[in-house]
1. Within the stretch 144-168, how many residues turn out to be in a loop (DSSP other than H, G, I, E, B) and either in contact (Cβ under 8 Å) with a residue 60 or more places away in the chain or out of contact with any Lys or Arg (no Cβ under 6 Å at 6 or more places or on another chain) (or both)?
2. Output the residue which, of all residues in the stretch 137-169 that are exposed (fewer than 13 other Cβ atoms within 10 Å of the Cβ) and of a type in the set (A, V, I, L, M), is modelled with the highest pLDDT.
3. Select from the stretch 18-52 the residues that are closer than 22 Å to Val102 by Cβ and exposed (fewer than 10 other Cβ atoms within 10 Å of the Cβ) and write down the one among them that is modelled with the highest pLDDT.
4. So which pairs qualify, if the first residue must be in the stretch 111-126 and free of Cβ contacts under 8 Å to residues at least 24 places away in the same chain and among the hydrophobic types (A, V, I, L, M, F, W, C), the second must be surrounded by fewer than 19 Cβ atoms within 10 Å (Cβ to Cβ) and part of a helix (DSSP H, G or I), the Cβ gap must be under 8 Å, and the two must be at least 6 apart or on different chains?
5. With respect to Leu61, determine if the residue is in contact (Cβ under 8 Å) with a residue 40 or more places away in the chain and outside the structural domain of Gln132 (by TED's automatic domain parsing).
6. Considering only the stretch 66-78, how many residues are in a strand (DSSP E or B) and either β-branched (Val, Ile, Thr) or at pLDDT 95 or above (or both)?
7. Would you be able to say whether some residue in the stretch 77-85 is without any contact (Cβ under 8 Å) to a residue 40 or more places away in the chain, on the phi > 0 side of the Ramachandran plot and loosely packed, with under 15 Cβ neighbours inside 10 Å?
Amino acid sequence: MKTKPMSRTKAAKNARGKSAKSGSRAPAPAGGVSPYLIVKDAAAAIAFYTKILGAKEKYRLTDPSGKVGHAEMAVGDGQIFLADEFPSFGALAPPTVGGSPVGLHLYVANVDAVMERARAAGALILRPAADQFYGDRAGMIADPFGHQWYLATRQKMVTPREMQKLYAAMFTATAESPSKAPSRARGRKRLVHG
């Protein structure tokens, strides 16, 4: 039986994704964006995210001193990567650079219970959980490692059109009553310590 030689294109496609050792196709990594969090105590952060957010550790790589060079965790339907701070590599934790401008959003089954567990474990409540016009009950915390999390429980579905209508109405109401204007700065000053 004669075999037909493979075209260069097909051979190249077959060569990609093959492990040189086993010859089997390597599994594709999860799609989408994965936040990479840098913290000052990765082992403690992994314990916190596991206990408070229900994260599941996939694995971690540690150096001889015990510092975590890389770890992966499943959180809900997504994943996060994290590592200890390594300034020589440019990996700096939020406290080192004066905070983080990035917020992480996570849907949870009971936002009030998760926020209370987070507070008890050392998180700072930046915005207490409250019912929101877009259908969620949501709040915001700063974890003990300097990262901000928007935590929410979906209460009802609101269409984008209805959300826009309710959002616009908030500004109409505040134009009539300036003292009730929404302010991110004002919301951040209302810190609740545990």
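The values are calculated or read from the model by the stated rules, or taken from the named source; none is laboratory data. All values reported here derive from a predicted model rather than from experimental measurement. All Cβ positions, glycine included, derive from the backbone under ideal geometry; neighbour counts span all protein chains shown.
1. 8
2. Looking at residues that are exposed (fewer than 13 other Cβ atoms within 10 Å of the Cβ) and of a type in the set (A, V, I, L, M), I get Met157.
3. The selected residue is Val33.
4. So the pair list comes out empty.
5. Working: in contact (Cβ under 8 Å) with a residue 40 or more places away in the chain: no; outside the structural domain of Gln132 (by TED's automatic domain parsing): yes.
No.
6. Step one: of the stretch 66-78, the residues in a strand (DSSP E or B) are 68-75, 78.
Then drop every residue that is not either β-branched (Val, Ile, Thr) or at pLDDT 95 or above (or both), which leaves 68-75.
Number satisfying all stated conditions: 8.
7. The initial filter retains those residues of the stretch 77-85 that are without any contact (Cβ under 8 Å) to a residue 40 or more places away in the chain, namely 77.
Keeping just the survivors that are on the phi > 0 side of the Ramachandran plot gives none.
Checked the stretch 77-85: no residue is without any contact (Cβ under 8 Å) to a residue 40 or more places away in the chain, on the phi > 0 side of the Ramachandran plot and loosely packed, with under 15 Cβ neighbours inside 10 Å.
Conditions (1) modelled with pLDDT of 95 or more; (2) touching a helix residue (DSSP H, G or I) at 6+ places or on another chain (Cβ under 8 Å); (3) hydrophobic (A, V, I, L, M, F, W, C), marked per residue:
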position: Phe89; (1), (2), (3): no, no, yes
position: Pro95; (1), (2), (3): yes, no, no
position: Ser100; (1), (2), (3): no, yes, no
position: Leu106; (1), (2), (3): yes, yes, yes
position: Asp112; (1), (2), (3): yes, no, no
position: Met115; (1), (2), (3): yes, no, yes
position: Gly122; (1), (2), (3): yes, yes, no
position: Ala130; (1), (2), (3): yes, no, yes
